[in-house]
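Take a look at the structure below.
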Amino acid sequence: MKQNPNFSQEAVMKAFLFGLGMGIGLGVLFAPMSGQETRDNIAERATDLASSARETFEQGRERVRRGVSTLRGEGETRPTGTEAPSA
């Protein structure tokens, strides 16, 4: 098997051990709960994440609306000295 020069054996082993540690940690974290408790926990976290994403989206949309409104307001007023000549 040809080795990829971008990944040393040491880096691969560290990544493997990190993943193994995370898996064990998550297993211990969720193991004491029943399947129903785990599903409820995941559903609650997903709901919280969706609410947070919705709030962030609404804040961004409001910022864009204010920016557009500001730009439209600035476009309607002319700087002093640039008035259209009167006929």
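The values are calculated or read from the model by the stated rules, or taken from the named source; none is laboratory data. On a predicted model such as this, the values are computed, not experimentally measured, just so you know. Positions of Cβ are generated from backbone atoms using ideal geometry, with glycine treated the same way; all protein chains shown enter the neighbour counts.
Can you tell me which residue among Arg72, Arg65, Arg61 is at negative phi, modelled with pLDDT under 90 and among the charged types (D, E, K, R)? Write out each step before concluding.
Working: Arg65 fails: modelled with pLDDT under 90; Arg61 fails: modelled with pLDDT under 90.
Of the residues listed, the single one that is at negative phi, modelled with pLDDT under 90 and among the charged types (D, E, K, R) is Arg72.
Pairing residues of segment 8-36 that are surrounded by 10 or more Cβ atoms within 10 Å (Cβ to Cβ) with residues that are at pLDDT 85 or above, at Cβ distances under 7 Å and at least 6 apart in sequence or on separate chains, gives Met33/Asn41.
For the structure I just gave you, tell me whether Arg66 is assigned to a helix (DSSP H, G or I), under 19 Å from the mean Cα position of the chain (by Cα) and charged (D, E, K, R). Taking the combined requirement at face value, the residue does not satisfy it. Inspection of segment 8-26 identifies at least one residue that is modelled with pLDDT of 90 or more, of a type in the set (Gly, Ala, Ser) and in a helix (DSSP H, G or I).
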